[in-house]
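Read through the structure below, which is laid out as structure tokens, and then see the notes.
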Amino acid sequence: MPVVDQNKDSSLDSNYLAAVKQAMGKAYAPYSNYPVGALVVTEDGQTFAGCNVENASYPEGHCAETAAIAAMVLAGHQRIKQIYIMSQDQQGATPCGGCRQRIREFADAQTPVILCSPTGVQQRRHLAELLPHAFGPEFLS
Ligand code: THU
């Protein structure tokens with residue numbers, strides 16, 4: 001499966017990049033010191049942000065993507081058009097396995113997952129590249 005587009009500095013991304021960076025800046029990550037931001041964009045262009053929120057009881061922390069998806073669902077949306085994820089890694093963030101599956105619930109194989117660092121977009125991937133042969137809701141219908 002080819003990547004969507006390797007262009008790393010599309011001006012179309014700039015508002016979304018600012019929003020996901022702001023979300024990353026709100027992260028509560030005192031244990032890992034690894035702040036992450038996520039920004040879900042819905043089909044109608046609405047955006048929902050999330051950050052990671054860690055906990056002294058480590059497994060109780062949650063990922064940025066989880067928070068952004070929960071905000072989207074709470075607002076009444078159930079389809080992800082694209083999702084931006086930012087960490088401070090120069091190569092860009094990459095979603096954990098659990099979050100790939102959480103994204104899959106509200107997205108499809110071709111949904112762009114846009115991996116960002118503070119300097120901009122580093123990689124554009126389709127969800128199917130990150131989670132091939134995924135189990136999704138259609139298996140249960
Ligand atoms: N983290 C995320 O927020 N999203 C991911 O997809 C990868 C990991 C967070 C969880 C934890 O707070 C920190 O990054 C280090 O694992």
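The values are calculated or read from the model by the stated rules, or taken from the named source; none is laboratory data. What you are looking at is a predicted structure, and each value in this text was computed from that prediction instead of being measured. All Cβ positions, glycine included, derive from the backbone under ideal geometry; neighbour counts span all protein chains shown. All accessible areas refer to the heavy atoms of the entire protein, side chains included, with ligands and DNA or RNA removed. Shrake-Rupley method; radii C 1.70, N 1.55, O 1.52, S 1.80 Å.
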Would you confirm, using the coordinates I've provided, whether Asp13 is under 15 Å from Ser117 (Cβ atoms), open to solvent by less than 80 Å² (accessible area, probe 1.4 Å) and in a loop (DSSP other than H, G, I, E, B)?
no
Selected residue (criterion: farthest from the ligand (Cβ to nearest atom)) from residues of the range 57-80 that are surrounded by fewer than 16 Cβ atoms within 10 Å (Cβ to Cβ) and assigned to a loop (DSSP other than H, G, I, E, B):
Gly76
Hits in the range 81-100 (condition: more than 13 Å from Gly37 (Cβ to Cβ) and open to solvent by 70 Å² or more (accessible area, probe 1.4 Å))
Lys81, Gln90, Gln91, Thr94
Ser117: of a type in the set (Ser, Thr, Tyr) and free of Cβ contacts under 8 Å to residues at least 12 places away in the same chain, yes or no?
no
For the range 35-56, what are the residues that are within 13 Å of the ligand (Cβ to nearest atom) and of a type in the set (D, E, K, R)?
Glu54
Ala107 being under 18 Å from Met72 (Cα atoms), among the aliphatic types (A, V, I, L, M), in a loop (DSSP other than H, G, I, E, B) and within 16 Å of the ligand (Cβ to nearest atom):
yes
Glu65: of a type in the set (Asp, Glu) and free of Cβ contacts under 8 Å to residues at least 12 places away in the same chain, yes or no?
no
Go through the range 124-141 residue by residue and tally those that are part of a strand (DSSP E or B) and either touching a Lys or Arg at 6+ places or on another chain (Cβ under 7 Å) or open to solvent by less than 50 Å² (accessible area, probe 1.4 Å) (or both).
2
Here is a list of conditions, (1) modelled with pLDDT under 95; (2) touching a Pro at 6+ places or on another chain (Cβ under 7 Å), and Asn15 meets all of them except one; can you say which number that is?
(2)
Across the range 37-53, the tally of residues that are surrounded by fewer than 19 Cβ atoms within 10 Å (Cβ to Cβ) and either on the phi > 0 side of the Ramachandran plot or part of a loop (DSSP other than H, G, I, E, B) (or both) stands at 5
